[in-house]
Amino acid sequence: MEYWKWLKMVVVALIMLGEGWRNEGCLEEERLALFELKPFFPSIDSRIDGLMSDPIIEEKETSSDCCEWEYVECSSITGRVTHLFLNFTYTPPPSYDLVYPYYRRTGNNEYWYLNTSLFLPFEELQSLFLSEEFHCFEKLSSKLNKLEILDLSDNYFNDSILTSLSKLSSLKSLNLAGNNFIGSNPIDGLKRLSKLKNLEILDLSHHNYIANISSQLNDFSSLKSLRLQDCGLVGKFNSFINLKELYLGSNQIESLGFSSYDKEQLRLNKLEVLGISENLLNSSVFSSLSPLSNLKSLDLSYNNLKGPIHIEDLNAFSYLEELILWNNKVTEFVPSQGILNLFLT
């Protein structure tokens, strides 16, 4: 009899654990912290109808349990906030900055000053999407030691933020595309950022200063995916980073300096996806890419490829599944074995 009582207690405990054992939903301190963010994100406690691409925000009262809010996700075990999707903002009327101190206008630019200490209560935060129109005046704290995904794209940060980000050792994915990185020492900032030994995905697109310091990216030894689109890269490009995905679109690259005779350059032999659309490459690009024998997807659209593509130029790419050649002037092409999807214009 005692055995069955003990078993019943264990089952009840497991059920409570599976449901997160939350009497009032999310933790009160985190719910209050979310309401402190509400001036920046008025719809943070709302629900959404329709598609995410064209959402209809309901203004009706929502659940007191913040784990049920549209832009918040919580752990089913602890009930703590784990994901915040705050990549939407509210543009106030012209007089709003007179009564609310966190909104600023400078010339034609409008942006928010966000106190990043507001995120400190979220001790189990794993993902933070915080893009568009922000200029944080405080650094992100290293106390966010479970943060793995951080999206700070399309804001007004300068390169001083790189120092604080370098202390977020748990980061696996970092998106800094489209920021205002015009600081005094971007090289030093990138060196500090390279200390993130768990970082696998990095997006530095839309930063022209990268063109002069791309060699610093060789220190990011853990990266698997790198985006340097629209970074002012010109002339010849080579990099020794051990990557699986590399995106270099919308630059002015004329040639790719990969050589099968250079052991250092063969560190890119794990590359599977290469996007180099909208550059200045010609048909000789295939011979320079021949060391990248593991390529599965190659995007050469909007380049200067002209005339026929000879079959022997593609023999090295035995794993190639997708070759994209939109908006070139290729006149003739015979697909090689292994190419499954071919897009030619």
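Name the residues in region 159-182 that are assigned to a helix (DSSP H, G or I) and over 17 Å from the mean Cα position of the chain (by Cα), would you? Give the steps one after another, and end with the answer.
Taking region 159-182 as the starting set, the residues that turn out to be assigned to a helix (DSSP H, G or I) are 161-165.
163, 164 - these are the residues of region 159-182 that are assigned to a helix (DSSP H, G or I) and over 17 Å from the mean Cα position of the chain (by Cα).
Out of all the residues in region 286-317, which are under 28 Å from the mean Cα position of the chain (by Cα) and charged (D, E, K, R)?
296, 299
State which residue is nearest to residue 82 (Cα to Cα) when the search covers only region 119-158 and only residues that are open to solvent by less than 20 Å² (accessible area, probe 1.4 Å) and not in a loop (DSSP other than H, G, I, E, B). Break it down into steps so the answer makes sense when it comes.
As a first pass, look at region 119-158 and keep what is open to solvent by less than 20 Å² (accessible area, probe 1.4 Å): 119, 122, 125, 127-128, 130-131, 134, 140, 144, 147, 150, 152-153, 155, 157.
Filter once more, so that each one left must be not in a loop (DSSP other than H, G, I, E, B): 119, 127-128, 134, 150.
Working: 119: 11, 127: 7, 128: 9, 134: 22, 150: 12 Å.
Looking at the filtered set, the residue picked out is 127.
May I ask you to list the residues in region 298-333 that are open to solvent by 20 Å² or more (accessible area, probe 1.4 Å), free of Cβ contacts under 8 Å to residues at least 40 places away in the same chain, under 17 Å from residue 248 (Cβ atoms) and in a strand (DSSP E or B)?
322
Picking from 187, 161, which residue would you name as being of a type in the set (A, V, I, L, M), at pLDDT below 95 and open to solvent by 30 Å² or more (accessible area, probe 1.4 Å)? Steps first, please.
Numbers: 161 fails: open to solvent by 30 Å² or more (accessible area, probe 1.4 Å).
The unique qualifying residue is 187.
Which one is most open to solvent (accessible area, probe 1.4 Å), of the residues in region 246-261 that are at pLDDT below 80 and of a type in the set (Gly, Ala, Ser)? Quick ask: steps written out before the conclusion?
Restricting attention to region 246-261, the residues satisfying the condition of being at pLDDT below 80 are 257-261.
After this cut, where a residue has to be of a type in the set (Gly, Ala, Ser) as well, the list is 257, 259-260.
On the way: 257: 11, 259: 40, 260: 68 Å².
Applying the filter and picking the extreme gives 260.
For the list (1) more than 20 Å from residue 198 (Cβ to Cβ); (2) hydroxyl-bearing (Ser, Thr, Tyr); (3) modelled with pLDDT of 90 or more, I need the number of the one condition that residue 156 fails.
The one condition residue 156 does not meet is (3).
Take the conditions open to solvent by less than 50 Å² (accessible area, probe 1.4 Å), outside any strand (DSSP E or B), at pLDDT 70 or above and under 30 Å from residue 194 (Cα atoms) and apply them to residue 243. Does it pass? Show your work before the answer.
Numbers: open to solvent by less than 50 Å² (accessible area, probe 1.4 Å): yes; outside any strand (DSSP E or B): yes; at pLDDT 70 or above: yes; under 30 Å from residue 194 (Cα atoms): yes.
Taking the combined requirement at face value, the residue satisfies it.
Name every residue in region 214-234 that is surrounded by fewer than 15 Cβ atoms within 10 Å (Cβ to Cβ), out of contact with any Ser or Thr (no Cβ under 7 Å at 6 or more places or on another chain) and assigned to a helix (DSSP H, G or I), in order of residue number.
215 - this is the single residue of region 214-234 that is surrounded by fewer than 15 Cβ atoms within 10 Å (Cβ to Cβ), out of contact with any Ser or Thr (no Cβ under 7 Å at 6 or more places or on another chain) and assigned to a helix (DSSP H, G or I).
Which pairs have Cβ atoms under 6 Å, sit 6 or more apart or on different chains, and link a residue in region 190-215 that is acidic (Asp, Glu) to one that is at pLDDT 70 or above?
200/172; 200/224; 203/175; 203/177; 203/227
The values are calculated or read from the model by the stated rules, or taken from the named source; none is laboratory data. This is a predicted model, so every value here is computed, not measured. Reconstructed Cβ throughout: ideal geometry from the backbone, glycine too, with neighbour counts over all protein chains shown. Each accessible area value is taken on the protein alone, full model and side chains, heavy atoms only, with ligands, DNA and RNA left out. Shrake-Rupley method; radii C 1.70, N 1.55, O 1.52, S 1.80 Å.
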